[in-house]
Amino acid sequence: MKYYSTRHNSLDVSLEEAVFKGLAPDGGLYLPRTIPRLPQAFLHNIRAMSLKDICYAIAYVAFHGDIEASVIHELVNNTFNYDIPITAIDNDKYVMELFHGPTMGFKDVGAMFMGSLLRHYIKQSGRFDAVNVLVATSGDTGAAVAGGLHNIPGVNVWILYPQDSISYMQEAQFATLGGNIRAVEVNGTLADCKAIAKQAYNDKELNERMLFSSATSINVARIVPQTFYYFWAYATLARKGVDVKNLVFSVPCGNLGNLASGLVARAMGLPIKRFVAAGNIDNALDIYLNTGLVKEATTFTSIAPAINVSSPTNFDRITALTGDLETARQLIHSYAFAEDDVMATMRELHDANDYVMDTHSAFAYRALQHDLQPGEVGVSLATAHPAKFSSQVEMALGHDIDVPQQLREYLSGTRQVETINSGYTAFKKLLLAYK
Ligand SMILES: *Cc1c(COP(=O)(O)O)cnc(C)c1O
C-alpha cells in the first residue's frame, strides 16, 4: 500500500517511510491511497469473534502487503491486553470505556501499536542509531506515547508540555519514567510547544545529525489501531442482540485522530450511520461544519484540556476522508458545549445511573443525548479514567473520587524535568547536548 500526503505536494511513500517521517515533507498528513474494504463475510462472523481476532483481521487487511503476517500478529498481541467494556446507560445509549490500558487513556492503544511497529522496523533494518520522537502535548498524548515507547532501544522520546496547563497526574505519567523518556517543561503555551517541535523537524542542521519522527496522532501508524474498538462495539452490541442497523458513535474531539479512525473504520465497511463530534465552545471542527471556514479557535483553561485545541492536527484527514462539506455535515454532527452544561451532565449520570465519567467523555455523552434519534443506537466513547482528571471531576460532582492503584503509583515516582523558555534555541541546545 502506498501512502499519500493530504497536501498532494509530496511523493507517495511506503508504510515504513510514512511511519518514520510522521508529517509529509509538504506539511500534509499521510493517508492510504485506497482504504481496503473488509470482506462481507467478516461482518457476518464478527459477533462470534474475540477482540484479538477482530483486531488481527482488520490489521491484516490494512497491512498485509507491507508487514509479514507473523509480525502483524505480534503487533496486535501487544496492542490490547486489556478489556474494552461497553455499558448500557439506558435503552439506546451505551458507553464504551477505552481507558483500561497502562496509562488509563484511550491513546494507549495507538501508542502501544506504534511503539511495537517502530521496534519492528528498527530491529529489521538495523540502520538507525536513534530515532527522536518529539511530542508536543497538553497531557494525555505525552503519557500514552511515553508508556508505549518506554525502553525501546533506538528510540528517544522528547515530551514538550506547557508549564501551567497540565495536571499533576498527567505530568507524573511521563516525567517519572526516566530512561529514554525526556520531559521538557516549556514556559509557554501548547502552541509554543508545537512551534518548537515543528522548528526542530524543519531544522536542516539537526536533520543532518539526527533522525526525527512523530508519535502523536499525526502519525499514520495510529489510525488503524484506533479503528479496532469501533468494530468491537459493533460486534459486542450485535452479540447482545442489539439492532445495529443505525449505529451512531459520539466522540470527544481534540486533534481529531479518534474521529479520523472512525471515518476509516466506516470506509473499511463498518456500517456506521454517522458520528457525533463533541467539543467545547469555539472549536475548529464545529466552525468548519457550520460555516465552511477553516479557522483557528481560541484555547482557554478547560476542564477537558485534551479537547481544547485551537487547530486540530488531523483536520486535513477529516476533510480528505469526508470529501465535500455537504457529506461532512451528513456524516458528522458537531456540538460545542459550555463547560457548566457538561458538568451538569456528569452530575446527572452520577445521580441517576451511579456512573462517574471523566470530563472529556462527558462532552461526548451530552452530545449523544442531544443528537440520537428514535430507532438509533448510540455508543459514546469514554476516553479517560475519571481519576486522570480527578480535580475537574471532583469539582463537577462535589465530592472526592477513588484513584486506582495503577495511577497512584505514578504519583510516588521521582520527576525528572528540564525546564526551558518558549524560544526554540533552548530546545535545540538540549537536543544537541544529548547527541
Ligand atoms: C486525546 C484525547 C481526546 C481527543 O482525542 P483526539 O484524537 O485528539 O481528537 C479526548 N479525550 C481524552 C481524554 C484524550 O486524551
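The values are calculated or read from the model by the stated rules, or taken from the named source; none is laboratory data. This one's a predicted model, so the numbers in the text were calculated from it and none came from an experiment. Here the Cβ is made from the backbone with ideal geometry for all residues, glycine too, and neighbour counts use every protein chain on show. Surface areas here come from the heavy atoms of the whole protein model, side chains and all, with no ligands, DNA or RNA. Shrake-Rupley method; radii C 1.70, N 1.55, O 1.52, S 1.80 Å.
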task: For residue 58, indicate whether it is open to solvent by less than 80 Å² (accessible area, probe 1.4 Å) and under 23 Å from the mean Cα position of the chain (by Cα).
output: yes
_Residue within the range 210-220 that is among the aromatic types (Phe, Trp, Tyr), at pLDDT below 95 and surrounded by 18 or more Cβ atoms within 10 Å (Cβ to Cβ) present_ = yes
Flag for residue 372 being more than 9 Å from the ligand (Cβ to nearest atom), on the phi < 0 side of the Ramachandran plot and open to solvent by 10 Å² or more (accessible area, probe 1.4 Å)
yes
Only one of 195, 143, 191 is within 16 Å of the ligand (Cβ to nearest atom) and over 25 Å from residue 104 (Cβ atoms), namely 191
In the range 221-241, residues that are within 16 Å of the ligand (Cβ to nearest atom) and open to solvent by 10 Å² or more (accessible area, probe 1.4 Å) total 2
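A quick yes/no check of all residues on (1) modelled with pLDDT of 95 or more; (2) of a type in the set (A, V, I, L, M); (3) not in a helix (DSSP H, G or I):
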{"residue": "17", "(1), (2), (3)": "no, no, no"}
{"residue": "27", "(1), (2), (3)": "no, no, yes"}
{"residue": "36", "(1), (2), (3)": "yes, no, yes"}
{"residue": "45", "(1), (2), (3)": "yes, no, no"}
{"residue": "55", "(1), (2), (3)": "yes, no, no"}
{"residue": "61", "(1), (2), (3)": "yes, yes, no"}
From the option list 111, 136, 146, single residue qualifying as open to solvent by 10 Å² or more (accessible area, probe 1.4 Å) and under 19 Å from residue 217 (Cβ atoms) is 136
Filter the range 312-334 for residues that are open to solvent by 20 Å² or more (accessible area, probe 1.4 Å), outside any helix (DSSP H, G or I) and within 14 Å of the ligand (Cβ to nearest atom); the one that is modelled with the lowest pLDDT is 313
Those residues of the range 267-281 which are within 16 Å of the ligand (Cβ to nearest atom) and of a type outside the set (Val, Ile, Thr) amount to 275, 277, 278, 279, 280
Condition set away from the ligand (no atom under 16 Å from the Cβ) and buried (at least 21 other Cβ atoms within 10 Å of the Cβ), scope the range 242-265, selection farthest from residue 306 (Cα to Cα): answer is 244
Subset of the range 61-89, residues open to solvent by 20 Å² or more (accessible area, probe 1.4 Å) and either aliphatic (A, V, I, L, M) or in contact (Cβ under 8 Å) with a residue 60 or more places away in the chain (or both), comes to 61, 65, 66, 69, 86, 87, 88, 89
Would it be correct to say that residue 358 is within 14 Å of the ligand (Cβ to nearest atom), touching a strand residue (DSSP E or B) at 6+ places or on another chain (Cβ under 6 Å) and open to solvent by less than 70 Å² (accessible area, probe 1.4 Å)? yes
Of the residues in the range 336-355, those that are crowded, with 24+ Cβ neighbours inside 10 Å and touching an Asp or Glu at 6+ places or on another chain (Cβ under 9 Å) come to 346
Residues of the range 240-267 being under 21 Å from residue 374 (Cα atoms) and among the charged types (D, E, K, R), in sequence order, are 240, 243, 245
Sole miss for residue 21 among (1) free of Cβ contacts under 8 Å to residues at least 40 places away in the same chain; (2) within 29 Å of residue 202 (Cβ to Cβ) is condition (1)
Practice problem: Answer yes or no: is there a residue in the range 405-419 that is open to solvent by 50 Å² or more (accessible area, probe 1.4 Å), closer than 25 Å to residue 195 by Cβ and of a type in the set (Asp, Glu). | Solution: yes
Those residues of the range 28-74 which are within 13 Å of residue 231 (Cβ to Cβ) and acidic (Asp, Glu) amount to 53
Reported set for the range 149-171 where residues are among the small types (Gly, Ala, Ser), open to solvent by less than 30 Å² (accessible area, probe 1.4 Å) and within 16 Å of the ligand (Cβ to nearest atom) is 167
